[in-house]
Amino acid sequence: MSPSPSVPVLTIDGPSGSGKGTVSRLVAERLGWRLLDSGALYRAVGYAAGAEGLDLSDTEAVTRCARETRIRFQAVADGSDTRVLVNGHDATDELRTETAGAAASAIASIPSVRQALVDMQLAFRKAPGLVADGRDMGTVIFPDAPYKVFLTASAAERAQRRYKQLKEKGLSVTLGTLKREIEARDARDASRTVAPLKPAADAVFIDTTGMGIDDVVAKVLAVVQS
């Protein structure tokens, strides 16, 4: 059970590159609500496990890491971004790499890791409201949320978006490789036995292919305002 069921929650789920991270942050700012980037929690645990040199297939060790890792979100002064501190280290840039994304996807399939992070996610539900960004926010973590959205986009467009982001950071990537990685992650996330990626039955489905960020934000806000 969520600790504060009376607090409204907007869940924004979807695959990697669908724009849910940026949209969630902007919508939370417009509403004046708290923000939960659940994907960052999994990436942070994956990062911490890597820093310890753990084998991600070692369920016991990774679960222990999930329970012990200290994760804190820290908004920058101008509100343009949120930094993620992992065990006191600002790991924000490392968490945004494809390597971190792949590690997060791998450990997210471990039931004991997911359980270790459930209470942490539920604790974000505080007044005046919460925008929860992830893959199972509307189906598993906040099934009672009054507002639910599922964002998606074609794999080609999501790869293009990711390519642009990484190139702007000066990273060497290829569009074809990114598309293959995104398709592989989609298949892995959708087929896992624990909390697979899928829209909640009562979620509003929004395909963001070809849409500008402002248009997507407006559509999501309309779900809450309606």
* Hey, if you drop one equal point scatterer on each alpha-carbon of segment 112-226 and run the Debye formula without solvent, what base-10 log of I(q)/I(0) do you get at q = 0.18 Å⁻¹? -> -1.13
* Asked: Could you state the principal axis extents of the C-alpha atoms in the chain, from the largest down, to the nearest angstrom?
  -> 48, 41, 39
* Cα shape, segment 85-163, gyration tensor, a/c 1.5 rule -> oblate
* Structure fact -> Rounded to the nearest 500, the 222 nm mean residue ellipticity computed for the chain from DSSP H runs (n ≥ 4, each -39500 (n - 2.57)) alone is -14500 deg cm²/dmol
* Positive end of the charge dipole of segment 9-225 (Lys, Arg +1 and Asp, Glu -1 on Cβ, about the Cα centre): tell me which of Leu175, Gly32, Thr152 has its Cα farthest that way. => Gly32
* Asked: If each Cα of segment 26-134 is one equal point scatterer, what is log10 of I(q)/I(0) from the Debye formula at q = 0.10, 0.11, 0.14, 0.15 Å⁻¹?
  -> -0.28, -0.34, -0.54, -0.62
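How far, in nm, would the chain grow between Ala123 and Asp93 when pulled straight, counting 0.36 nm per residue and subtracting the alpha carbon separation? Can you show the working numbers first?
Working: separation 30, 0.36 × 30 = 10.80 nm, distance 2.49 nm.
My answer for the length gained is 8.3 nm.
All other residues with a Cβ under 11 Å from the Cβ of Val27 taken together, and with Lys, Arg as +1 and Asp, Glu as -1, what is their net charge? Please report the intermediate quantities before stating the final value.
Numbers: positive: Lys20, Arg25, Arg30, Lys219; negative: Glu29, Asp133.
Value of the local net charge: +2.
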* Return the whole-Å distance between the Cα centroid of segment 35-58 and the Cα centroid of segment 152-167. => 23
* Structure fact -> Under a Gaussian network model of the chain whose springs join Cα atoms within less than 10 Å, the largest fluctuation of Asp186, Asp207, Asp58 belongs to Asp58
* Cα-based shape type of segment 169-225, given that a ≥ b ≥ c are square roots of the gyration tensor eigenvalues and the cut on a/c is 1.5 -> oblate
* Structure fact -> Simple SL model, points at 7 angstrom along Cα→Cβ for Gln225 and Asp58; separation in nm is 5.2
* Structure fact -> Largest fluctuation, Ser191, Ser57, Ser16 only, Gaussian network model of the chain with Cα springs under 10 angstrom, belongs to Ser57
* Asked: Under a plain spin-label model, where a point goes 7 Å from the Cα along Cα-to-Cβ, how far apart in nm are Gln115 and Leu171?
  -> 3.3
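The numbers here are math on the coordinates, done by the rules we state, and not lab data. The structure displayed is predicted, hence computed values, not measured ones. Every residue, glycine as well, gets a Cβ built from its backbone with ideal geometry; the counts of neighbours run over all protein chains shown.
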